[in-house]
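Colleague: The structure follows.
The values are calculated or read from the model by the stated rules, or taken from the named source; none is laboratory data. Note that the coordinates shown come from a computational prediction; the quantities given were computed from them, not determined experimentally. Cβ atoms come from the backbone with ideal geometry, glycine included; neighbour counts cover every protein chain shown. Surface accessibility is based on the protein's heavy atoms, side chains included, excluding ligands, DNA and RNA. Shrake-Rupley method; radii C 1.70, N 1.55, O 1.52, S 1.80 Å.
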Amino acid sequence: MAQDYFRALRDVALVINSSLEPKDVLHKITEQTAVTMGCKASTIRLLDSTGRFLLPSAAFGLSNTYMRKGPVEVKRSGMDSEVLAGKTIHLKDATADGRFQYPESAKAEGLVSVLSAPLMADGKAIGLIRVYSDVEREFTPDEQTFMEAVAAVSALAIENARLHEALRNNYELMAKHAYSVYED
């Protein structure tokens with residue numbers, strides 16, 4: 001089974017290298033992660049600039065209704081607070097665990113077990129990746145390690161995309177300034 005995780009991790013790395021468009025890359029990561037782990041769905045959520053909310057950045061296998069259930073507020077979600085502190089967290093039944101912010105929505109969506117891992121960059125959390133199972137299950141140590149590896153390469157991809165965007169914006173600003181200098 002471990003070989004399948006190595007191949008899947010290679011596939012995630014290839015996806016990350018295939019594009020500098022974060023939206024496309026993150027969606028493919030969620031799809032690959034859910035399929036590899038035999039889960040119904042997966043999401044990537046990134047912290048907003050205030051660090052108070054987790055914003056949906058990519059999803060696979062979830063309805064629009066579930067994705068629009070409401071804001072994910074870090075202080076109201078015990079699970080997310082733990083994950084953002086650097087822990088990989090497993091909830092055997094999210095619909096009955098008080099740490100999950102929207103248990104009713106999870107139940108309506110048919111989600112039961114959840115595994116979440118932090119996206120860490122420069123030693124601090126920038127978001128999380130989560131898989132959802134439609135049956136109650138334990139996640140194996142290999143699955144947890146795979147999730148953590150996907151989280152690590154995903155965080156790297158997100159930071160690289162942010163740096164690329166900042167570099168592009170700086171270049172455009174410099175080009176505009178140089179053009180205006182030559183025009184004068």
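Colleague: Put THR43, THR50 in order of accessible area, largest first, 1.4 Å probe: what do you get?
Modeller: Result, largest first: THR50, THR43.
Colleague: Roughly speaking, to the nearest percent, how much of the chain's 1.4 Å accessible area is carbon and sulfur?
Modeller: Whole-percent figure for carbon plus sulfur exposure: 54.
Colleague: How much net charge surrounds VAL74 when only other residues with a Cβ under 9 Å from its Cβ are counted (Lys, Arg +1; Asp, Glu -1)? Don't skip to the answer; put the middle values down first.
Modeller: Numbers: positive: ARG52, LYS75, ARG76; negative: GLU73, ASP80.
Charge balance in the 9 Å sphere: +1.
Colleague: Separate question: Order 30-41, 53-64 from most to least packed using the mean count of other Cβ atoms within 10 Å.
Modeller: Top to bottom by mean Cβ count within 10 Å: 30-41, 53-64.
Colleague: Separate question: Whole number in Å², please: accessible area per residue of the chain, 1.4 Å probe, ligands, DNA and RNA not counted.
Modeller: Per residue, the chain has 55 Å² of solvent-accessible surface.
Colleague: Rounded to a whole number, what is D in µm²/s for region 16-100 from Stokes-Einstein with the Kirkwood radius over alpha-carbon pairs (10 °C, 1.306 mPa s)?
Modeller: Stokes-Einstein gives a translational diffusion coefficient of 113 µm²/s.
Colleague: Further, regarding this structure: HN-Hα J couplings of region 39-49 from phi, Karplus 6.51/-1.76/1.60, θ = phi - 60°, integer Hz, Gly and Pro as x?
Modeller: Here the 3J(HN,Hα) series is 10, 5, 7, 8, 9, 10, 10, 10, 5, 6, 5 Hz.
Colleague: Rounded, prolate or oblate: which fits the chain when a ≥ b ≥ c are the square roots of the eigenvalues of the alpha-carbon gyration tensor, with rounded for a/c under 1.5 and prolate only if a/b beats b/c?
Modeller: prolate
Colleague: Moving on to the next point. Given a 1.4 Å probe and heavy atoms of the protein chains only, how would you sort LYS28, LYS107, largest accessible area at the top?
Modeller: Sorted by accessible area, descending: LYS107, LYS28.
Colleague: Something else about it: Counting only pairs 8 or more places apart or on different chains, how many lysine pairs in the chain have C-alpha atoms closer than 14 Å?
Modeller: Here the count comes out as 4.
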